[in-house]
Amino acid sequence: MPRTLLMPSEDELPDGPRRKFVEELHLYFRAAGRPDLTRILAVIDADRADPHGDLPEGPGPISRETVRRLLKGKTNSTWKKVELVFEALCRIANRDPEADRWADTYDVDEKQSQRAWLCELWSNSVDEVRISAAPLPAPRIENPAAAQNQGGWGRLPSGGYSDEPPF
């Protein structure tokens, strides 16, 4: 019998944008009754074969390993693949992916669909990885003294500043 996928511990997946994304994905996973990977893939395949299905066109087949890695927080994958998994989990749980994510929260005035919120969390997760992967080197200044005397926006010949933009 396959092991049930559990939400990663904080040691496995520290707090941050990726954890928030995986927590949200697990909300749908739990609502679907924690289906095994075979069931998720079967729903994806059935919906992709249906010409009237709601699933997005796109990335081609998705593997068991990609689904597992998404639920374990080991990958961000692409939005199209995340969306395939999300749609399958919503279908299994009989949830509308376009329903208001914050319908039960009375202090939020904006409406945002479950899909839009998951996409926002996914995007934040992707950005964190890209930003922390390799910081850009600082620009090299050949002559620091000359750079200081060049002034900047709004700098007047008298040395003061102007409130007017430079154009």
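The values are calculated or read from the model by the stated rules, or taken from the named source; none is laboratory data. Because the structure is predicted, anything quoted here is derived from the model rather than measured. In this analysis, Cβ positions are derived from the backbone assuming ideal geometry, glycine residues included, and neighbour counts consider all displayed protein chains. The area values use the complete protein model at the heavy-atom level, side chains included, leaving out ligands, DNA and RNA. Shrake-Rupley method; radii C 1.70, N 1.55, O 1.52, S 1.80 Å.
Numbers for the structure displayed
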{"item": "Total residues in segment 1-49, condition part of a helix (DSSP H, G or I) and farther than 15 Å from Glu87 by Cβ", "result": "11"}
{"item": "Residue within segment 99-115 that is at pLDDT 85 or above, part of a helix (DSSP H, G or I) and among the hydrophobic types (A, V, I, L, M, F, W, C) present", "result": "no"}
{"item": "Flag for Lys74 being open to solvent by 60 Å² or more (accessible area, probe 1.4 Å), part of a loop (DSSP other than H, G, I, E, B), basic (Lys, Arg) and modelled with pLDDT under 90", "result": "no"}
